[in-house]
1. Kirkwood Rh, the stretch 1-119, all Cα pairs: how many Å?
2. With labels modelled as points extended 7 Å from the Cα through the Cβ direction, what inter-label distance (nm, one decimal) is found for residue 70 paired with residue 14?
3. Tell me, in nm to one decimal, what length is gained between residue 28 and residue 108 on full extension, where the rule is 0.36 nm per residue of separation less the Cα-Cα distance?
4. Considering amide H positions built from the backbone, and no H for Pro or chain starts, which residues 5 or more places from residue 8, or on another chain, come under 5 Å of its amide H?
5. Going 7 Å from the Cα of residue 119 in the Cα-to-Cβ direction, what parts of the stretch 5-41 have a backbone nitrogen less than 13 Å from that spot?
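Laboratory data are not the source of any read-out in this text; all were calculated from the coordinates shown. Note that the structure is predicted; figures quoted are calculated from it, not measured. Glycine gets a Cβ as well: all are built from the backbone with ideal geometry, and neighbour counts include every protein chain shown.
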Amino acid sequence: MISVETGNVIDSMNASSGQFVPGLVETDVHGVDGKLAIPAQSSVVMIIRNSGRTGSISELVLGLYAVNIQGTQYTLSNGQKDPATLSFSENAALGPAHASVHLQRQARLDFRLESPVQLR
């Protein structure tokens, strides 16, 4: 799991598919060999894969796109498939507070890798 803190507010009402969003890794991430793979406070790039509203349902899908470790950026996505994604939805029928998916700045997002990733 890679815990990421969002660098900006993300709202499905004004986010666009393909938009990049910054974040920071909250805790050290260790590889399957137990060695440190991604240090805490490494910057990450998330990508908005889907954002919009159908009827009363707002949706936001974020993918883990890249990580920067000690000045070197490693792309984790192959462009079409991300190693981990998170999906959020809100139902506007529940009231005005649910009109869109809204993630505050510094929100914690826990990405679970679907398969091991090689940092190259």
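1. Details: mean 1/r = 0.0676 Å⁻¹.
Taking the inverse mean of 1/r over all distinct Cα pairs, the stretch 1-119 comes out at 14.8 Å.
2. Going by the 7 Å Cα→Cβ label model, 3.9 nm.
3. On the way: separation 80, 0.36 × 80 = 28.80 nm, distance 1.44 nm.
27.4 nm is the gain from fully extending residue 28 to residue 108.
4. When sequence neighbours closer than 5 places are left aside, the close amide H contacts are 106.
5. Only 25-41 pass the distance filter.
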